[in-house]
1. For residue 110, tell me the accessible area in Å² from a 1.4 Å probe, rounded to the nearest 10.
2. In deg cm²/dmol and to the nearest 500, what is the mean residue ellipticity at 222 nm of the chain if only DSSP H runs of at least 4 residues count, each as -39500 (n - 2.57), divided by the residue total?
3. Between residue 30 and residues 5 or more places away or on another chain, which pairs have amide H atoms under 5 Å apart, with H built 1.01 Å from N, and which residues are they?
4. How big is the gap, in Å, between the Cα center of the stretch 64-143 and the Cα center of the stretch 1-39?
5. How many Å² of accessible area per residue for the chain, probe 1.4 Å?
6. Share of the chain's accessible area from carbon and sulfur, percent, 1.4 Å?
7. Binned at 10 Å from 0, what are the whole-percent values of the Cα-Cα distance distribution for the chain, short to long?
8. Take every DSSP beta bridge whose two residues both sit in the chain, then give the antiparallel share in percent to the nearest 5.
Amino acid sequence: MRVLITGATGFVGRFVAEHLTASDPSTEIWGLVWRGGSRPLLEEVTAVSGDLTDRPSLDHAIRTCRPELVVHLASASSVAASWHDPQRYLKINLAGSVNLFEAILEAGVDSKVIVASSAEVYGTVADHSQPIGEDTPLRPLSPYAQS
């Protein structure tokens, strides 16, 4: 199995890579590495350069690793910062995800894609509506949550 993890150097990405490695050491794990990033990948992860906002770089990354599974974790993720630059959040989180999906389609790779989200999409949820279920209405309250 070939797996591409976007956001592989982030908190969750590192745990996903560790879990995949421990579960099946034969899994080939690739990590999409943003050229502006500085955190190292785990030793078991092969780096492939790419930027969600740069479609040609994603085309190259997908053609290089040809993933059977994509775990899409990369995003701009600060709620507070999203208020200062909402366009950046839409560009990275929304348009960037579309770029990733189109790159997969263009490469003709038969990939399953897991997309992570955030409870921020639900906004404020009353105590009587807890725990949040999949049928809970979306009420995003920040540019990050909207993206």
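The values are calculated or read from the model by the stated rules, or taken from the named source; none is laboratory data. What you see is a predicted model, and the numbers here were worked out from it, not measured in a lab. Here the Cβ is made from the backbone with ideal geometry for all residues, glycine too, and neighbour counts use every protein chain on show. Side chains are part of the model used for accessible areas, which takes the heavy atoms of the whole protein and leaves out ligands, DNA and RNA. Shrake-Rupley method; radii C 1.70, N 1.55, O 1.52, S 1.80 Å.
1. 140
2. On the way: 6 runs with 50 residues, N = 147.
One gets -9500 deg cm²/dmol as the mean residue ellipticity at 222 nm.
3. 3, 4, 5, 46
4. Rounded to whole Å, the Cα centres lie 18 Å apart.
5. Values: 8810 Å² over 147 residues.
With all protein chains present, the chain gives 60 Å² per residue.
6. Carbon with sulfur: 54 percent of the solvent-accessible area.
7. 11, 38, 33, 16, 2
8. So the antiparallel bridges in the chain amount to around 5 percent.
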